[in-house]
Amino acid sequence: MMKVKDAMKREVITLKPEMSIKEAAEIMVKNNINGAPVVDAQNRLVGILTLKDILKIIKKKMESFGIYIFPTPFDFMETIPLTIPVESQKDIFSSISTIKVREIMERNVHYVEEEDDIYDALYLLVKKDISRLPVVDGEKRVIGIITRRDLLRAVSKSNEVSN
């Protein structure tokens, strides 16, 4: 039986609740990741922040400035450029930069432990439609992360071994 520890990454990029969304986005872009666990000062899991969460807050802020993005029946045929005045862009992004990670992070985080069966992690990812699971120890400190890609890689390698 393959365990989570056999497929997880031990190097985890984490975020802090007091970081700004701008700082978090910069970390995500720099490290080419779409989400990261949010940890407290003792490295205990307190939330998770994803690119989707950040995009939702950007959309919400744009709407608060009167800029609405509605899909139309013609979206599949052509892309209509959206022109936002430069001043509005500055206002939107400066208002976003003051928002803290703790304000928009998901607090109800699914996670696994390193001794859990890899198929339990796969089940969680599929059932909950998420793409990453923090791996925690008994005190809920983040010790790794496992993604859909990590699981697929592990499952494909396990099939090679058994053939």
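The values are calculated or read from the model by the stated rules, or taken from the named source; none is laboratory data. Values in this document were obtained by computation on a predicted structure and should not be read as measured data. Because the Cβ atoms are built from the backbone with ideal geometry, glycine has one as well, and the counts that use them run over all protein chains shown.
Hey, could you check the stretch 127-138 for residues that are in contact with a Leu (Cβ under 8 Å, 6 or more places away or on another chain) and part of a loop (DSSP other than H, G, I, E, B) and say which is farthest from Ile13 (Cα to Cα)?
The selected residue is Ile130.
If Val29 meets every condition in (1) in a helix (DSSP H, G or I); (2) modelled with pLDDT under 75; (3) not charged (D, E, K, R) apart from one, which number is that one?
(2)
Just to check your reading of the model, which residue among Asp150, Asp91 is modelled with pLDDT of 85 or more, acidic (Asp, Glu) and either more than 17 Å from Ala25 (Cβ to Cβ) or part of a helix (DSSP H, G or I) (or both)? Show your work before the answer.
Numbers: Asp91 fails: modelled with pLDDT of 85 or more.
Going through Asp150, Asp91 in turn, the sole match is Asp150.
Are there any pairs, at least 6 apart or on different chains, whose C-beta atoms fall under 6 Å, with the first in the stretch 100-113 and over 17 Å from Lys61 (Cβ atoms) and outside any loop (DSSP other than H, G, I, E, B) and the second of a type in the set (D, E, K, R) and modelled with pLDDT of 95 or more, and if so, which?
Matching pairs, first to second residue: none at all.
If I go through the stretch 100-148 residue by residue, how many of them are touching a Lys or Arg at 6+ places or on another chain (Cβ under 8 Å), surrounded by fewer than 20 Cβ atoms within 10 Å (Cβ to Cβ) and of a type in the set (Val, Ile, Thr)?
The qualifying residues number 2.
Looking only at the stretch 8-22, how many residues end up being over 17 Å from Asp137 (Cβ atoms) and either free of Cβ contacts under 8 Å to residues at least 40 places away in the same chain or assigned to a loop (DSSP other than H, G, I, E, B) (or both)? Walk me through it before giving the result.
Within the stretch 8-22, the subset over 17 Å from Asp137 (Cβ atoms) is 13, 15-22.
Those still in the list that are either free of Cβ contacts under 8 Å to residues at least 40 places away in the same chain or assigned to a loop (DSSP other than H, G, I, E, B) (or both) too: 13, 16-19.
Residues that pass the stated criteria total 5.
Only residues that are more than 16 Å from Leu152 (Cβ to Cβ) and part of a helix (DSSP H, G or I): list them for the stretch 114-126, please.
none
On the given criteria, is Ala36 in a strand (DSSP E or B) and within 30 Å of Lys90 (Cα to Cα)?
Working: in a strand (DSSP E or B): yes; within 30 Å of Lys90 (Cα to Cα): yes.
Here the answer is yes, as Ala36 does meet what is asked.
Read through the list (1) modelled with pLDDT of 85 or more; (2) more than 25 Å from the chain's Cα centre (by Cα), then give the number of the only condition that Thr79 fails.
Answer for Thr79: the failing condition is (1).
Could you check Leu151 against (1) in contact with a Lys or Arg (Cβ under 8 Å, 6 or more places away or on another chain); (2) in contact (Cβ under 8 Å) with a residue 40 or more places away in the chain; (3) of a type outside the set (Val, Ile, Thr) and say which number it fails?
Of the numbered conditions (1) in contact with a Lys or Arg (Cβ under 8 Å, 6 or more places away or on another chain); (2) in contact (Cβ under 8 Å) with a residue 40 or more places away in the chain; (3) of a type outside the set (Val, Ile, Thr), the odd one out for Leu151 is (1).
Looking at Pro37, Pro85 in this structure, which one is under 29 Å from Arg149 (Cβ atoms), surrounded by 10 or more Cβ atoms within 10 Å (Cβ to Cβ) and either more than 18 Å from the chain's Cα centre (by Cα) or at pLDDT 60 or above (or both)?
Within the list Pro37, Pro85, the selection yields Pro37.
Condition check: modelled with pLDDT of 95 or more and farther than 27 Å from Ala7 by Cβ. Does Lys100 satisfy that? Show your work before the answer.
Values: modelled with pLDDT of 95 or more: yes; farther than 27 Å from Ala7 by Cβ: yes.
Considered against the rule, which asks whether it is modelled with pLDDT of 95 or more and farther than 27 Å from Ala7 by Cβ, Lys100 comes out as yes.
For Asp129, work out the one condition from (1) touching a Phe, Trp or Tyr at 6+ places or on another chain (Cβ under 6 Å); (2) at pLDDT below 95 it doesn't fulfil.
It fails just one condition, (1).
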